[in-house]
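Accompanying notes for the structure given below.
All of the numbers you see were taken from the coordinates with simple rules; none came from a lab. What you are looking at is a predicted structure, and each value in this text was computed from that prediction instead of being measured. FYI the Cβ positions are ideal-geometry reconstructions off the backbone, even for glycines, and counts take in every protein chain you see.
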Amino acid sequence: MDSVLSSESVYLRETVQMAVKLLVVGPFAVGKTTFIGTLSEIRPLRTEERMTQAGVLVDDLAGIEDKTATTVAMDFGRLTLTDHIVLYMFGAPGQRRFARLWRDLAQGALGALVIVDTRRLERAFDVMDLVEREGLPFAVAVNCFEGAPIFPEGEVREALDLLPTTPLVSCDARDRVSSTQALIALVDHLITLDSLSAGSPREP
């Protein structure tokens, strides 16, 4: 999954034959923009706007008082996986008022990586509900913020009501290696589901 960040990486390789679309989602201020920026081999597209006093009435900043900007449309990044496969990452805003935009972004996506924060786990439910409504398989990545509590995996699974088969990993959205591993967990999950689906008997 390694890719070289250079002027050459701006252009899509002529050998690419397949494009894969994945969503990177999560509650407000959980690190989605940072995650995509860390992994993207091109300058990521960002639609962040500075938060105003009016926004404080809408978005709860408890525990994240330093947050000064928020995504208002989407984030976009690209990562070449092999000579033939390229991955497109679309980051969706975490607030439920953007649910209509979610439906557009979910079109053609194979799955979603849900990023969560242990300081605000309860805020992930709305996001996972939207993902499930779109019929997208997903993996969960706990973004390890400095000073955030660390819980055993079983407790996080129980708190989020995750199925045993749903991948749960930890990462630092600022770190390329751990972010890549989180993405790999999702891709492996999608491959497993695809294999199980292919092996299912066909209905008469």
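Descriptive notes on the structure:
- With neighbour counts taken as other beta-carbon atoms within 10 Å, the residues 21, 32 rank, fewest first, as 21, 32.
- Fewest-first ranking of 11, 88, using other Cβ atoms within 10 Å as the exposure measure: 11, 88
- Per-peptide packing, taken as the mean over residues of other Cβ atoms within 10 Å, places 155-163, 105-113 in the sequence 105-113, 155-163 from highest down.
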